[in-house]
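**Q** Just dropping this structure here.
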Amino acid sequence: MNDFVQRYGPVALVTGASSGIGRAFAGQLAARGLDVVLVARRRDRLEELSGTLRDTHGVNPTVLPVDLADPAAGREILEAVAQLDVGLLVSNAGFGVKGAFGQEDAAVLASMLAVNCHAPTQLAHGLAPRLTQRGQGGVIFTSSVEGLMGCPYSAGYSATKAYVNALGEALWAELGPSGVDVLTLCPGATDTEAPRLQGVDPSTLQDLMSPDDVARSALEHLGSGPTHIPSAHYSKLFDTLLSMPRPDALTAMANSVKQVSDRPGADRTGDA
Ligand SMILES: NC(=O)c1ccc[n+]([C@@H]2O[C@H](COP(=O)([O-])OP(=O)(O)OC[C@H]3O[C@@H](n4cnc5c(N)ncnc54)[C@H](OP(=O)(O)O)[C@@H]3O)[C@@H](O)[C@H]2O)c1
């Protein structure tokens, strides 16, 4: 058994495993020898991934199709993994909406709060006692650089990710002394389905990373929390923004989004 499996295995629970960064996490964890519990809504995607991971890496995946917008989803997942020795939670599922805050659909905002905030809280809460009792393990929260400050025209999404950052940082300090590594991952723009779902052509985004590179960077930094920004470009950009007087930074961001959205054919911004 390798050191990684010893510390974070034998089972990792990955939400948002049907696509993008979550799918990359599931693949890399299986390659390291962990059994993976695959959570998302699209059962067909999860079953296809499960078969590939079983054939390629000889692991034993579990497919768990769940809608994390359902307030009971956390409990359902925790019950499903009650008999499994979960050493790593990758709370990664999430989505964003972009545009003028007042124009957003209220039901979609409610769903975003449930998926991005409620579900990660319930899963971390349910697994924290089990992880600390084991005396070793880990939690990765996929947040976003947008959680580092309020982002105009992405107000609701950046607020959900600020919540995740606070939760992850606090748990890093609470669980660390019991041997549980907590990492809050803050990607910048990443080439997944997410930008397209927001009406953005990923090729127009700056310093786009691949989901595989984001997941790899997170796993390499799992023991070096509390927070990790995998992109040097977005790390520098947000360092600059956070060092500015806050009114200046917010006004500059709002103006920059408006300039982009005023261009012909463009009406939305990317994740970061
Ligand atoms: N891409 C970026 O530029 C970027 C940047 C910073 C942070 N992030 C964050 O990275 C994480 C992963 O996103 P991604 O970029 O990999 O996007 P993605 O390719 O769209 O993947 C999102 C994943 O979340 C799952 N999901 C969404 N809503 C769900 C729900 N109601 N119930 C269960 N699962 C749900 C999706 O599965 P189903 O649709 O099958 O349910 C999918 O597996 C998110 O938290 C996102 O906020 C992304």
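**Q** Just to be sure I understand, how many residues within the range 15-42 are within 18 Å of ARG134 (Cβ to Cβ) and among the hydrophobic types (A, V, I, L, M, F, W, C)?
**A** 4
**Q** Residues in the range 167-189 that are surrounded by fewer than 24 Cβ atoms within 10 Å (Cβ to Cβ) and either within 11 Å of ALA128 (Cα to Cα) or over 14 Å from the mean Cα position of the chain (by Cα) (or both): how many?
**A** 12
**Q** Is one or more of the residues making up the range 194-208 near the ligand (Cβ under 9 Å from one of its atoms) and within 22 Å of ALA31 (Cβ to Cβ)?
**A** Scanning the range 194-208, I find no residue that is near the ligand (Cβ under 9 Å from one of its atoms) and within 22 Å of ALA31 (Cβ to Cβ), so the answer is no.
**Q** Further question: Those residues that are farther than 22 Å from GLY9 by Cα and of a type in the set (Val, Ile, Thr), I need them from the range 61-80; list them, please.
**A** The one that is farther than 22 Å from GLY9 by Cα and of a type in the set (Val, Ile, Thr): VAL66.
**Q** While we're looking at this one, here's another question. For the subset of the range 119-136 comprising residues that are within 16 Å of the ligand (Cβ to nearest atom) and buried (at least 19 other Cβ atoms within 10 Å of the Cβ), which member is nearest to ASP3 (Cα to Cα)?
**A** ALA124
**Q** Quick one: which helices (runs of 4 or more DSSP H) sit completely within the range 15-113 and have at least 2 residues that are modelled with pLDDT of 95 or more, near the ligand (Cβ under 9 Å from one of its atoms) and over 30 Å from SER256 (Cα atoms)?
**A** Here the list reads 20-31, 43-57.
**Q** Let me ask something else. What single numbered condition from (1) near the ligand (Cβ under 8 Å from one of its atoms); (2) more than 20 Å from ALA93 (Cα to Cα) fails to hold for ALA173?
**A** Only one criterion in (1) near the ligand (Cβ under 8 Å from one of its atoms); (2) more than 20 Å from ALA93 (Cα to Cα) is unmet by ALA173, namely (1).
**Q** Here's something else I'd like to know. Can you give me the number of residues within the range 176-193 that are within 12 Å of the ligand (Cβ to nearest atom) and farther than 16 Å from TYR234 by Cβ?
**A** The qualifying residues number 1.
The values are calculated or read from the model by the stated rules, or taken from the named source; none is laboratory data. All of these numbers come straight from a predicted model, not from anything done at the bench. Neighbour counts are summed over all protein chains in view; Cβ atoms, including those assigned to glycine, are modelled from backbone coordinates with ideal geometry.
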